[in-house]
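Novice: Take a look at this one; I'll ask things after.
The values are calculated or read from the model by the stated rules, or taken from the named source; none is laboratory data. Predicted model only: the values in this text are computed from it and were never measured. Note that we place each Cβ from the backbone using ideal geometry, even for glycine, and neighbour counts take in every protein chain shown.
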Amino acid sequence: MGSNMAECHPVAFRWPLKAKTDHGAVLMHVDPRFTRTSAACDVHVPIRAGSDIVFLGAIINHVINSRRWNEDPFYREYVVNYTNAATLVNPDFKGTEELDGVFSGLAPDGKSYANASWSYQRNPAPGKGKGGLGPFSDLLLQQLPGRPKTDPTMQDPHCVLQIIKRHYARYTPALVEKVCGCSPEQFIKVAQTMLENSGREKTANITYAVGWTQHTVGVQIIRAAAMLQALLGNIGRPGGGVLALRGHATIQGSTDIATLYHSLPAYLNMPDGRKKHDSLKDFILTEAGPVATSYWGNYPKFAVSYFKAQFGAAATAENDYGYDYHPKITGDHSHMPMMLDMGAGKIKGFFVMGQNPAVGGQNARLQRKALAKLDWMVVRDYFETETASFWRNSPEILSGELKPADIKTEVFFLPAAAVAEMEGSFTNTQRLLQQHDKAADPPGDARSDSWFTYHLGKRLQAMYRDSGNPLDWGIRNLAWDYEPEAKEVAPWRIKDEPSAYRVLKEINGYTVADGKPLATFANLKEDGTTACGAWIYTGVVPEEGKNNAARRKPDEWISPNWGFAWPANRHIMYNRASADSQGRPWSEAKKLVMWDPDADSGTKDPAGNPVRGKWIAPSGEGIDFQPTKAPAMVGKDAALGFDWLSGNDAFIMRADGKAWLFAPAGLVDGPLPAHYEPYESPVANRVYRQQSNPVAKVWRTEGNVYHGVADPKYPIVVSTYRVTEHHLSGTMSRWLPWLAELMPELFCEVSPELAAEKGIRNAGYVTIVTARGEIEARALVTRRIKPFVIDGKKVHEIGLPWHWGWQGNAKGDVANDLSAMVGDPNVSIHEGKVFTCDIRAGRKGGRS
Amino acid sequence: MAKGMFVDTTICTGCKACQVACKQWNGLSAEPAHFGKRPGVPYPVADNFTGDSYDNTGTLSATDWRHVRFIEQIDESRREKRWLFSSDSCKHCSDAGCLNACPTKAIVRTDLGNVVVQQETCIGCKFCIPSCPYGVISFSEETGTAHKCTLCNDRIHNGLGTACAKACPTGSIRFGELADLKKRADARLAQLKGKGEKARIYGYEEADGLKVFYLFADRPKVYGQPEDPVVPQRRLVLCSLVTILTALGVGAAALVNFRERLNGRDEEESHES
């Protein structure tokens, strides 16, 4: 669901196909359209775009009320031990059943939630822990909460399982039919297949991509899938899980190493002027306090080592490791509000690398107009993208709305190197780092992004070298030395390419005293003696000169000697859950990690005798758990990290060691996924009175007008998406004639039913209109698209691939001229998968 | 030692990587006919949108040695839904019509069984074009010669597989020893038949056996392949016989007629006499 894997991840799709042909796996595709993925699956169930939570919620309801789930002891053992199903929630919590579609804590203006009532019931806080761990850890020890209260019988009305039962009781097959537009039989087929293929002997996987993320409820859709998989015992086990297919190569890596504005490398939060982040101590206590009883209890080590990596020798305990000089965010600087700020003249300069917002940005017209308000813009790409050329031939220029003479933006267009022209590593969807070599020098002046960034940094440092302004301390003291060794650049024309190895080594971490790489993040320290750019990658360079990302020894299964999977070469996260509460494999077929009570743990007891018992993985898989913590071991209350966690707390990154069916914290739009209609929808919400996500990010501003619910002017649902033949906004494909001829121009997929209503001819032109813009496209009339009947009303959907723009060998209008800036409240992603529009036969301006 | 390819269309995802890999390895340009001029645009712009499912390149040609077909089989109720994909190319027939027809012996079979047009000796007579029952071979106005897939002749004679098979992400196109490929194909066919699917192999019998053969989920004609392909030269004996017999027949008839006319004349003459 939420993924068109065969088209958008065609190489990875070989594995589901192999599972089908070689192992008899059943592939099911639940998607509004019949795509090349659907064609390869055993089952395709079409549902209306944006109705996923109803479908998933109904599967949850089906599962937890099924005989199999209630009678097979496997599920109970998994759920009681590894999820928070048994945990008791604050009696003040009220859910959507009581509040007609919202949760307790909604602010009077209805725009934000306070989550105090979503919290756990807890035992009294423990006594003060014993200090001596380190300056920051000792402080964390002083503010630990009591353990959550549980009811292992899961009968208490405040326990999570009972809350979930009540919450999803109304998510029935009949509701699915009404809201999703598929038959109850189709739904039952999917729900029952999931249930029957999950358990002790079998596991089921759910794979998603941006078909789930690009919604105002994107995070909650994924939460619903995670809940279902946790209830079915499908997490931490081979063949299970929720697989997030990332948008393109090494998007996972760029999230890990933090291209996102609110994140530091390795998922530490960005220092934030709006939070209690006044000093490094405040930062650590604020961020690590709520999670210190998980492996995040090591936050002080991660944070201090990060600042040591940033500022090197200049970072000392006395100056808080340079914390004060590190950038801090002051607001929502995610892409959409950033572009609105740019349009308002608040942003002067813009670096565009690996991006083409003039085509790929939501409400692209508004984004292009924002570019015109800059002083300067640097675009680095292979070809003159639409972003680089907006000032001379964009639709706004051609229409006369903007004039080149009036645009003061100075555009610097710099040629970029392609991937084969540089060395580095990709981190894939499954967190696997794979090294790639440089095959050739880039032509002419083209350079890698790392070359550009490194030399820009060096020049800036030179400019600030003599500055006495304390504000400039950060740039003056930035550790910025990635000079290549002679042998690294010997084969190449370009001699000043920064060393990819040195960058990776800094990310991996090293001991400050001797510069030796760290083999494991267990060796990180909070006293400034270690430096580490991103703790989750530690181990990729375990010793000087060795790069585990370059390993290429496959085997028939986990392949631990192929590349490097973060963290610590663990390919399946939370894999402690692949064994039962006694540490035994759930089944022979699904064994992965297990407790061996006789194995030498490598440690000695106080009397000097070897301690027996450790976790083992015959496949060579990294063990995502404390290696010597026995299954029956009970964690200490006044302790951090692993010491707090018990032998069954498989979910080591959660503060309670459990998979969260109910999220007491961390989400801004509710502890449980509830169905809200997309922000623009042709129908009213049939599940609750609350129409759409109350706290969705909306920007009511000129040029970003939204359509009303069931707006008669815009009755048709539109989804934007990609096809195999092009890449994203087309910068890597539309300039290649080989690819241009495969999908030559923008087209719109229309059902024959809608085509008949509107007089649309196949291959003829259509015009598509929203309050944001108007575009034309060629029509592809196909039964792969179908109208839905939603609560008795016919709802048409159309599909719009968004690869095209006005530049390149394959051209077309910009599909994103139609979309609005509206986003998920947790992560600010736009709602590109569903909004409303109107369509008519013929070209723009009434031409036929 | 015969090499070939097995195309399992049931695991083809229609990604067209084979089409592009073929062009890249063989140095083939995009099809010029797919591009046009736009006012004020200094480079060619693709204008070949067809509306025929996801197929915009249409056919094999002198620059398109591979072509992926898209066949949508969806009924109005959407209960029966199939989208079939099939990557088509030269079949490297054991009895190759093009090779038989070539007057200059420019078309040859190599020791690995593949059929190649030697550009140096092709005179552009086009005899090969109607001789291919699959419409594979094409004439290039640019070079004045015939072109088609060579089974990556240079690659396979240097220990590499074909470019299309190398690029295929799902293993739908496989290159190898024919015997091995047939084993794989038979196993896959048995698997699908076991599931009650109406799959079939195309290429075991046709044209004395195709070195590039297919697993289809429907009748060959659905994939645009002739159900009963006949290499023209195969008809030679029959055609010759028919021609000879016809000639004999016509001759005999003429003779008879002539005789009859003579006899008649005799009769007439006798009448007259």
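Novice: Quick one: would you say A:Gly808 is within 14 Å of another protein chain (Cβ to nearest Cβ) and in contact with a helix residue (DSSP H, G or I) (Cβ under 8 Å, 6 or more places away or on another chain)?
Specialist: When the stated conditions are applied, A:Gly808 passes them.
Residues checked against (1) among the basic types (Lys, Arg); (2) over 28 Å from A:Lys438 (Cα atoms); (3) without any contact (Cβ under 8 Å) to a residue 60 or more places away in the chain:
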| site | (1), (2), (3) |
| --- | --- |
| A:Glu384 | no, no, no |
| A:Pro395 | no, yes, no |
| A:Ser399 | no, yes, yes |
| A:Glu410 | no, yes, yes |
| A:Val419 | no, no, no |
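Novice: Among the candidates B:Ser77, B:Ser86, B:Ser131, single out the residue that is assigned by TED's automatic domain parsing to the domain that holds B:Tyr223 and free of Cβ contacts under 8 Å to residues at least 12 places away in the same chain.
Specialist: Just a single option satisfies the conditions, and that option is B:Ser77.
Novice: Of all residues being among the hydroxyl-bearing types (Ser, Thr, Tyr) and under 21 Å from the mean Cα position of the chain (by Cα) in the range B:1-22, which is farthest from the other protein chains (Cβ to nearest Cβ)? Just the residue, please.
Specialist: B:Thr9
Novice: Could you grab the pairs with beta carbons closer than 8 Å, sequence gap of 6+ or different chains, first residue in the range A:810-836 and farther than 19 Å from A:Leu340 by Cβ, second one in a loop (DSSP other than H, G, I, E, B) and of a type in the set (Ser, Thr, Tyr)?
Specialist: A:Ala810/A:Ser733; A:Val834/A:Ser681; A:Thr836/A:Ser681; A:Thr836/A:Tyr714; A:Thr836/A:Thr770
Novice: Please work out which residue is farthest from A:Ala358 (Cα to Cα), limiting yourself to the range A:720-767 and to residues that are part of a loop (DSSP other than H, G, I, E, B), touching an Asp or Glu at 6+ places or on another chain (Cβ under 8 Å) and more than 11 Å from every other protein chain (Cβ to nearest Cβ).
Specialist: Looking at residues that are part of a loop (DSSP other than H, G, I, E, B), touching an Asp or Glu at 6+ places or on another chain (Cβ under 8 Å) and more than 11 Å from every other protein chain (Cβ to nearest Cβ), I get A:Arg722.
Novice: Filtering the range B:23-52 down to residues that are at the interface with chain A (Cβ under 10 Å from one of its Cβ atoms) and closer than 27 Å to B:Tyr202 by Cα, which residue is nearest to the chain's Cα centre (by Cα)?
Specialist: B:Lys23
Novice: Mind checking which residues of the range B:22-72 are among the small types (Gly, Ala, Ser) and closer than 27 Å to B:Asp218 by Cα?
Specialist: If the condition is that a residue be among the small types (Gly, Ala, Ser) and closer than 27 Å to B:Asp218 by Cα, then B:Gly51, B:Ser53, B:Gly58, B:Ser61 are the ones that fit.
Novice: Answer yes or no: is there a residue in the range B:190-206 that is modelled with pLDDT under 95, part of a helix (DSSP H, G or I), away from every other protein chain (no Cβ under 14 Å) and on the phi > 0 side of the Ramachandran plot.
Specialist: No; the residues of the range B:190-206 include none that is modelled with pLDDT under 95, part of a helix (DSSP H, G or I), away from every other protein chain (no Cβ under 14 Å) and on the phi > 0 side of the Ramachandran plot.
Novice: Does the range B:145-185 hold any residues that are charged (D, E, K, R), over 26 Å from B:Gly27 (Cβ atoms) and out of contact with any strand residue (DSSP E or B) (no Cβ under 8 Å at 6 or more places or on another chain), and which are they?
Specialist: Within the range B:145-185, B:Asp180, B:Lys183 qualify.
Every residue, every condition in (1) more than 23 Å from the chain's Cα centre (by Cα); (2) outside any loop (DSSP other than H, G, I, E, B), yes or no:
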{"site": "A:Gly199", "(1), (2)": "yes, no"}
{"site": "A:Thr216", "(1), (2)": "no, no"}
{"site": "A:Pro238", "(1), (2)": "no, no"}
{"site": "A:Gly253", "(1), (2)": "no, yes"}
{"site": "A:Asp278", "(1), (2)": "yes, no"}
{"site": "A:Asp282", "(1), (2)": "yes, yes"}
{"site": "A:Thr293", "(1), (2)": "yes, no"}
{"site": "A:Ser305", "(1), (2)": "yes, yes"}
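Novice: Assuming A:Ser828 fulfils every condition listed in (1) part of a loop (DSSP other than H, G, I, E, B); (2) of a type in the set (S, T, N, Q); (3) buried (at least 24 other Cβ atoms within 10 Å of the Cβ) apart from one, which condition is it?
Specialist: Failing condition for A:Ser828: (3).
Novice: How many of the residues making up the range B:79-95 are crowded, with 16+ Cβ neighbours inside 10 Å and at the interface with chain A (Cβ under 10 Å from one of its Cβ atoms)?
Specialist: The number of residues fulfilling the criteria is 4.
Novice: In the range B:53-78, what count of residues is obtained for those that are within 23 Å of the chain's Cα centre (by Cα) and either at the interface with chain A (Cβ under 8 Å from one of its Cβ atoms) or buried (at least 16 other Cβ atoms within 10 Å of the Cβ) (or both)?
Specialist: Matching residues across the range B:53-78 total 18.
Novice: Looking at A:Gly95, is it away from chain B (no Cβ under 14 Å) and touching a His at 6+ places or on another chain (Cβ under 7 Å)?
Specialist: yes
Novice: Go through (1) surrounded by 23 or more Cβ atoms within 10 Å (Cβ to Cβ); (2) of a type in the set (S, T, N, Q); (3) more than 12 Å from every other protein chain (Cβ to nearest Cβ) for A:Asn90 and report which single condition fails.
Specialist: (1)
Novice: Also: Inspect all residues belonging to the range A:717-740 and state whether any of them is without any contact (Cβ under 8 Å) to a residue 12 or more places away in the chain and surrounded by 19 or more Cβ atoms within 10 Å (Cβ to Cβ).
Specialist: So far as the range A:717-740 goes, yes, one or more of its residues are without any contact (Cβ under 8 Å) to a residue 12 or more places away in the chain and surrounded by 19 or more Cβ atoms within 10 Å (Cβ to Cβ).
Novice: Right, here's the next one. Quick one: A:Phe55 ticks every box in (1) surrounded by 23 or more Cβ atoms within 10 Å (Cβ to Cβ); (2) aromatic (Phe, Trp, Tyr); (3) facing another protein chain (nearest Cβ under 10 Å) bar one, so which box is it?
Specialist: Failed condition: (3).
Novice: Looking at the range A:696-718, can you tell me whether even one residue there is more than 23 Å from A:Gly110 (Cα to Cα), within 14 Å of chain B (Cβ to nearest Cβ) and not in a strand (DSSP E or B)?
Specialist: No; the residues of the range A:696-718 include none that is more than 23 Å from A:Gly110 (Cα to Cα), within 14 Å of chain B (Cβ to nearest Cβ) and not in a strand (DSSP E or B).
Novice: What's the total number of residues in the range A:67-99 that are outside any loop (DSSP other than H, G, I, E, B) and either on the phi > 0 side of the Ramachandran plot or of a type outside the set (D, E, K, R) (or both)?
Specialist: 19
Novice: Which helices (runs of 4 or more DSSP H) sit wholly inside the range A:429-503 and have at least 1 residues that are hydrophobic (A, V, I, L, M, F, W, C) and touching a helix residue (DSSP H, G or I) at 6+ places or on another chain (Cβ under 9 Å)?
Specialist: Ranges flagged: A:449-464, A:473-477.
Novice: Regarding the range A:423-442, can at least one residue be identified that is without any contact (Cβ under 8 Å) to a residue 40 or more places away in the chain and in contact with a Lys or Arg (Cβ under 7 Å, 6 or more places away or on another chain)?
Specialist: Within the range A:423-442 (the criterion being without any contact (Cβ under 8 Å) to a residue 40 or more places away in the chain and in contact with a Lys or Arg (Cβ under 7 Å, 6 or more places away or on another chain)), the answer is no, since none of the residues qualifies.
Conditions (1) crowded, with 20+ Cβ neighbours inside 10 Å; (2) closer than 24 Å to A:Arg783 by Cβ; (3) among the hydroxyl-bearing types (Ser, Thr, Tyr); (4) in the same structural domain as A:Ile798 (by TED's automatic domain parsing), marked per residue:
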| position | (1), (2), (3), (4) |
| --- | --- |
| A:Arg14 | no, no, no, no |
| A:His23 | no, no, no, no |
| A:Thr37 | yes, yes, yes, no |
| A:Tyr75 | yes, no, yes, no |
| A:Tyr82 | yes, no, yes, no |
| A:Gly95 | yes, no, no, no |
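Condition check ((1) more than 16 Å from A:Asn81 (Cβ to Cβ); (2) over 30 Å from the mean Cα position of the chain (by Cα); (3) at pLDDT 95 or above) across all residues:
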site: A:Pro542; (1), (2), (3): yes, no, yes
site: A:Glu556; (1), (2), (3): yes, no, no
site: A:Trp562; (1), (2), (3): yes, no, yes
site: A:Asn575; (1), (2), (3): no, no, yes
site: A:Ser587; (1), (2), (3): yes, yes, yes
site: A:Pro597; (1), (2), (3): yes, yes, yes
site: A:Asp600; (1), (2), (3): yes, yes, no
site: A:Pro618; (1), (2), (3): yes, yes, yes
